[in-house]
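Notes for the one structure printed next.
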Amino acid sequence: MKRTLRIYALSDIHSPDDFHMPELDPDQFDLVVTLGDIDDGTLDYIIHMSKDIPCSGVPGNHDSRRPAGLNNLHGKVVTVNGVRIAGIGGARKYKDHPHHYTDAQMKFLMWGLPTADLVISHAPPLATSTKEDPIHQGFSSFDLYIEKHRPQAWLHG
């Protein structure tokens with residue numbers, strides 16, 4: 001049986017004054033996913049415009065908190081419509097911040113993450129980001145997770 005999940009995904013809204021979204025229809029989407037670097041006020045707005053659609057996400061490297069109404073998936077796996085979704089937030093460490101990780105720290109976080117059909121993250125897998133500047137490169141532990149667990153999809157910021 002094929003499982004489907006209709007996702008409205010958002011990430012990196014660095015100019016919130018220019019951001020607008022429609023009120024989402026629960027008949028069109030099953031889940032709203034935020035992939036990090038969205039300020040608190042904009043997250044509140046996204047949750048408001050999502051009405052009765054569940055909202056889940058992971059923090060980015062600039063995020064401070066997660067507002068009420070947003071299910072923080074960092075380090076967790078949840079099931080929505082039969083689809084297992086794993087989340088891992090943050091990005092490569094370039095300063096002292098709660099959502100910045102070294103390779104060793106991320107490897108430790110990824111070590112116990114169960115198998116999922118879909119992974120959401122702020123940072124990309126390393127294999128897809130080797131040409132990026134060091135701050136925007138992903139983690140080799142993401143590549144290892146893909147090799148070991150074979151998720152059907154990976155969404156990142």
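Couple of notes before you dig in:
- Here segment 15-38 is the region considered, the condition is being touching a His at 6+ places or on another chain (Cβ under 8 Å) and of a type outside the set (Gly, Ala, Ser), and the residue that is nearest to LEU155 (Cα to Cα) is LEU35.
- Subset of segment 108-126 (residues that are farther than 16 Å from LYS93 by Cβ and either in contact (Cβ under 8 Å) with a residue 40 or more places away in the chain or within 12 Å of the chain's Cα centre (by Cα) (or both)): ASP117, LEU118, VAL119, ILE120
- Look at (1) outside any loop (DSSP other than H, G, I, E, B); (2) under 17 Å from the mean Cα position of the chain (by Cα); (3) polar (S, T, N, Q); (4) closer than 30 Å to LEU144 by Cβ and you find that GLN105 fails only one, number (2).
- Subset of segment 76-118 [of a type outside the set (Ser, Thr, Tyr), open to solvent by 60 Å² or more (accessible area, probe 1.4 Å) and out of contact with any His (no Cβ under 9 Å at 6 or more places or on another chain)]: LYS76, ASN81, ARG84, LYS95, ASP96, PRO98, ASP103, ALA104, GLN105, LYS107, PHE108, TRP111
- Within segment 77-103, residues that are more than 17 Å from SER11 (Cα to Cα) sit with their Cβ atoms under 8 Å from residues that are among the aromatic types (Phe, Trp, Tyr) and crowded, with 18+ Cβ neighbours inside 10 Å, at 6+ positions apart or across chains, in these pairs: LYS93/TYR101; TYR101/PHE139; ASP103/PHE139.
- Residue tally, condition under 15 Å from the mean Cα position of the chain (by Cα) and more than 13 Å from LEU35 (Cα to Cα), over segment 86-98: 1
- For segment 127-150, the candidate set comprises residues that are over 18 Å from the mean Cα position of the chain (by Cα) and outside any helix (DSSP H, G or I); within that set, the residue that is surrounded by the fewest Cβ atoms within 10 Å (Cβ to Cβ) is LYS131.
- Among the strands (runs of 3 or more DSSP E) confined to segment 1-75, the ones with at least 1 residues that are open to solvent by 30 Å² or more (accessible area, probe 1.4 Å) are located at 7-10.
The values are calculated or read from the model by the stated rules, or taken from the named source; none is laboratory data. Here the structure is a predicted model, which is why all the values come from computation and not from measurement. When we count neighbours, we look across all protein chains shown, and the Cβ atoms used for this are built from the backbone with ideal geometry, even at glycine. Ligands, DNA and RNA are stripped out before the accessible areas are found, and what is left, the full protein with its side chains, is counted by its heavy atoms. Shrake-Rupley method; radii C 1.70, N 1.55, O 1.52, S 1.80 Å.
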